[in-house]
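Participant: Just passing along the structure, written as structure tokens.
The values are calculated or read from the model by the stated rules, or taken from the named source; none is laboratory data. The model shown is predicted, which means the values in this text are computed figures rather than measured ones. Methodologically, a virtual Cβ is constructed for each residue, glycine included, from the backbone with ideal geometry; neighbour enumeration extends over all protein chains shown. SASA here: full protein model, heavy atoms, side chains in, ligands and nucleic acids out. Shrake-Rupley method; radii C 1.70, N 1.55, O 1.52, S 1.80 Å.
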Amino acid sequence: MKFSINRKFFLDKLNIVSRSISVFSPLPALSGICIKVEDNRIILTGSDSNISIRSTIVPNEENELKIDSTGSIIIESKYLLEIVRKLDSQSLQFDLIDLTKVCISNNKGKFNLNGIESNEYPNIDFSIPGTKICLKSEELKQIYSQTAFACSDKDTRPVLNGVNFKTNGNILSCSGTDSYRLARKTVEINGNYNFNITIPNKSLSEVVKSLSDSDEYVDLYIDSKKIQFVFNQTVIQSRLIDGIFPDIDRIIPTTQISSMCVSSHEMASVIDRTNFIRNEKIHLIKLECSESETHIKTSSTEIGNSDEILSTCEYTGEPIRLSCNGTYMLEAIRALSGDKVKLEFAGLMKPIKISNPDDDSALMIVVPVRSYD
């Protein structure tokens, strides 16, 4: 194995592949990146058995790749990244000294790194699943930013640790929930599909981090066990979460007794200012709404209290007083990323529907909490 390549290009590819590698892997081979050099390409592979990433490099003017001989080796990810990141040169040369050692060099010096024979790397099935949809990269980024924050981070119900992708014809609905709040994003896709899968939040995060500005589209290949995200000669493959995702349609209110429309910036600022006023580490806010004025209040026996009036609020319907988790409300408002936010109330202890009045593709739900003061 012998090749030379543009250092920055190679580093970018290594960074993508290394996202799938866990430092706590029980298999020594899975703590490394498998480099396989063929006659006309280089294949980089990383995996933690739940998420696997394969990136292919073919020679072109940008990467300046020149392959002199073939071969393969597994190199510890953190050491390989450290060397490639810090070597100060435009290009690097890789030479396989024997089956378990590689020399990385430039015109100033060289590093000899111990590795592992490539035949010890687990056989990862990158076969392509049968169902394919195509999303714009920006759509996938929006799906992640507007749903993943609402996923659970606890292990009690694993199916809540991911974002549910569900189709109904040409409508893709993506939802995240921890049972106390819900975030949903819908996008229109080409074709008629019928699938219902839940993608681990961590996997979706790594895909979004790996997308560059030049990646306009992402192909998704799906079956009942795994999903592949394919873009720019890179395949990110993830296992799907087993289990039935909750029927969240039943918690979305279909009627309302009142609603309010307010500046997103003002409401987010008011909630954020009171973030330090907490009861048992929970940021609880109380909404007191009427057509004359709307108050946001907080109170803590240890810290103090606050009371602010929303100056930009337009409120219609019955007066209402309820409490909710301020952190959940703030994250929902920020995820909607609009100039205004609309809140719809179905009743005292019924879920609050939160949306951007200028964009009906995203929907947030926050469940009120009982307050005794």
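Participant: Assuming residue 311 fulfils every condition listed in (1) of a type outside the set (Phe, Trp, Tyr); (2) modelled with pLDDT under 95; (3) assigned to a loop (DSSP other than H, G, I, E, B); (4) farther than 23 Å from residue 149 by Cα apart from one, which condition is it?
Facilitator: (2)
Results for (1) under 21 Å from residue 231 (Cα atoms); (2) crowded, with 21+ Cβ neighbours inside 10 Å, shown as yes or no for each residue.
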residue: 6; (1), (2): yes, no
residue: 12; (1), (2): yes, no
residue: 17; (1), (2): yes, yes
residue: 23; (1), (2): no, no
residue: 26; (1), (2): no, no
residue: 29; (1), (2): no, no
residue: 32; (1), (2): no, yes
residue: 37; (1), (2): yes, yes
residue: 41; (1), (2): yes, no
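Participant: Got a sec? Which strands (runs of 3 or more DSSP E) wholly within the stretch 1-106 have at least 2 residues that are in contact with a strand residue (DSSP E or B) (Cβ under 9 Å, 6 or more places away or on another chain) and free of Cβ contacts under 8 Å to residues at least 60 places away in the same chain?
Facilitator: Qualifying strands (runs of 3 or more DSSP E): 32-37, 42-47, 71-76, 101-105.
Participant: Scan the stretch 189-239 for residues that are closer than 25 Å to residue 177 by Cα, surrounded by fewer than 21 Cβ atoms within 10 Å (Cβ to Cβ) and among the aromatic types (Phe, Trp, Tyr) and jot them down.
Facilitator: Those that are closer than 25 Å to residue 177 by Cα, surrounded by fewer than 21 Cβ atoms within 10 Å (Cβ to Cβ) and among the aromatic types (Phe, Trp, Tyr): 193, 195, 221.
Participant: Just to be sure I understand, how many residues within the stretch 289-308 are in a strand (DSSP E or B) and of a type in the set (Ser, Thr, Tyr)?
Facilitator: Taking the stretch 289-308 first, the residues in a strand (DSSP E or B) are 289, 294-300, 304-308.
From the residues that got through so far, the ones that are of a type in the set (Ser, Thr, Tyr) too are 294, 298-300, 306.
The qualifying residues number 5.
Residue-wise test of (1) farther than 21 Å from residue 128 by Cα; (2) at pLDDT below 95; (3) within 23 Å of the chain's Cα centre (by Cα).
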{"residue": "28", "(1), (2), (3)": "yes, yes, no"}
{"residue": "37", "(1), (2), (3)": "yes, no, no"}
{"residue": "54", "(1), (2), (3)": "no, no, yes"}
{"residue": "65", "(1), (2), (3)": "yes, no, no"}
{"residue": "68", "(1), (2), (3)": "yes, no, no"}
{"residue": "74", "(1), (2), (3)": "yes, no, no"}
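Participant: A further question follows. What do you reckon, is residue 249 without any contact (Cβ under 8 Å) to a residue 24 or more places away in the chain and either open to solvent by 40 Å² or more (accessible area, probe 1.4 Å) or of a type in the set (S, T, N, Q) (or both)? Even if it seems obvious, please write down each step before you answer.
Facilitator: Values: without any contact (Cβ under 8 Å) to a residue 24 or more places away in the chain: yes; either open to solvent by 40 Å² or more (accessible area, probe 1.4 Å) or of a type in the set (S, T, N, Q) (or both): yes.
Yes, satisfied.
Participant: Find the residue count for the stretch 266-304, including only residues that are under 34 Å from the mean Cα position of the chain (by Cα), surrounded by fewer than 16 Cβ atoms within 10 Å (Cβ to Cβ) and closer than 14 Å to residue 321 by Cβ.
Facilitator: Qualifying residue count, the stretch 266-304: 0.
Participant: Next up: For the stretch 44-87, enumerate the residues that are under 14 Å from residue 102 (Cα atoms), touching a Gly at 6+ places or on another chain (Cβ under 7 Å) and either aliphatic (A, V, I, L, M) or surrounded by 20 or more Cβ atoms within 10 Å (Cβ to Cβ) (or both).
Facilitator: 73, 74, 75, 77
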